[in-house]
1. When residues of the range 16-39 are filtered for being surrounded by 12 or more Cβ atoms within 10 Å (Cβ to Cβ), free of Cβ contacts under 8 Å to residues at least 40 places away in the same chain and more than 14 Å from residue 75 (Cα to Cα), how many remain?
2. Given the structure, is residue 96 touching a residue at least 24 places away in the same chain (Cβ under 8 Å) and either surrounded by 14 or more Cβ atoms within 10 Å (Cβ to Cβ) or over 21 Å from residue 156 (Cβ atoms) (or both)?
3. Which is in contact with a strand residue (DSSP E or B) (Cβ under 7 Å, 6 or more places away or on another chain) and closer than 15 Å to residue 146 by Cβ, of 33, 46, 25?
4. With the requirement that a residue be surrounded by fewer than 15 Cβ atoms within 10 Å (Cβ to Cβ) and either in contact with a helix residue (DSSP H, G or I) (Cβ under 8 Å, 6 or more places away or on another chain) or in a strand (DSSP E or B) (or both), what does the range 53-73 give you?
5. Which strands (runs of 3 or more DSSP E) does the range 89-200 wholly contain that include 3 or more residues that are closer than 18 Å to residue 8 by Cα and modelled with pLDDT of 95 or more?
6. Of all the residues that make up the range 101-113, how many are in contact (Cβ under 8 Å) with a residue 40 or more places away in the chain and surrounded by 13 or more Cβ atoms within 10 Å (Cβ to Cβ)?
7. Counting only residues that are farther than 19 Å from residue 165 by Cα, surrounded by fewer than 14 Cβ atoms within 10 Å (Cβ to Cβ) and touching a residue at least 12 places away in the same chain (Cβ under 8 Å), how many does the range 114-146 have?
8. Considering every residue within the range 4-12, establish whether at least one is in a strand (DSSP E or B), modelled with pLDDT of 85 or more and over 30 Å from residue 110 (Cβ atoms).
């Protein structure tokens, strides 16, 4: 799976300005499905992210890469009428052991930052099967927390500024051999993802 996080706004009580996070990630997925009504999957991979904020008159920015990205996902179809489905989805994940360089007002600093991110998400979506296509639309509640340490100042904890937002996408699948999914999400973050599965 490939994911492009265009922008996620973060905030902290200790920061007067909003922080932002963006980047890309690539993950491999192992999934288990029971008659397309209950799905469990685990995703592992890596990514490269950029973050920045204003602090004490300085514009701090940095990168986070390496380490491990991980995520668990469970999806349950609650209602099905002909080709219309309503499902709930729960996710938990984050990254660990990520590090990268820091700049202050455009000047590179000697130390590297270390970062840690955790999130959970609960979402509900309505979908409609049309032959091999299944477009869907839903709403998600997402709570994200990020810690950046090894700064010149103390460690900073950042929380998502917005926790609610819509998402939508389309799945292409014959049900038994392959699945391709494209998804857009907004408000709580701006991002797109593309995933593919070969099924056994």
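The values are calculated or read from the model by the stated rules, or taken from the named source; none is laboratory data. Just so it is clear, the structure is predicted and the values come from calculations on it, not from any experiment. FYI the Cβ positions are ideal-geometry reconstructions off the backbone, even for glycines, and counts take in every protein chain you see.
1. 5
2. Values: touching a residue at least 24 places away in the same chain (Cβ under 8 Å): yes; either surrounded by 14 or more Cβ atoms within 10 Å (Cβ to Cβ) or over 21 Å from residue 156 (Cβ atoms) (or both): no.
It is false that residue 96 is touching a residue at least 24 places away in the same chain (Cβ under 8 Å) and either surrounded by 14 or more Cβ atoms within 10 Å (Cβ to Cβ) or over 21 Å from residue 156 (Cβ atoms) (or both).
3. On the way: 33 fails: closer than 15 Å to residue 146 by Cβ; 46 fails: closer than 15 Å to residue 146 by Cβ.
Only one candidate qualifies: 25.
4. Just the residues of the range 53-73 that are surrounded by fewer than 15 Cβ atoms within 10 Å (Cβ to Cβ), to begin with: 54, 56-59, 66, 68, 72.
Passing the criteria: 54, 58, 59, 66, 68, 72.
5. Details: elements: 107-128, 133-149, 156-160, 164-173, 178-185, 190-198.
Per the criteria, 107-128, 133-149, 164-173, 178-185, 190-198.
6. The total comes to 5.
7. 4
8. First, the residues of the range 4-12 that are in a strand (DSSP E or B): 4-11.
If we keep only those that are modelled with pLDDT of 85 or more as well, we get 4-11.
Next, from what is left, pick out any that are over 30 Å from residue 110 (Cβ atoms): 4, 6.
Scanning the range 4-12, I find at least one residue that is in a strand (DSSP E or B), modelled with pLDDT of 85 or more and over 30 Å from residue 110 (Cβ atoms), so the answer is yes.
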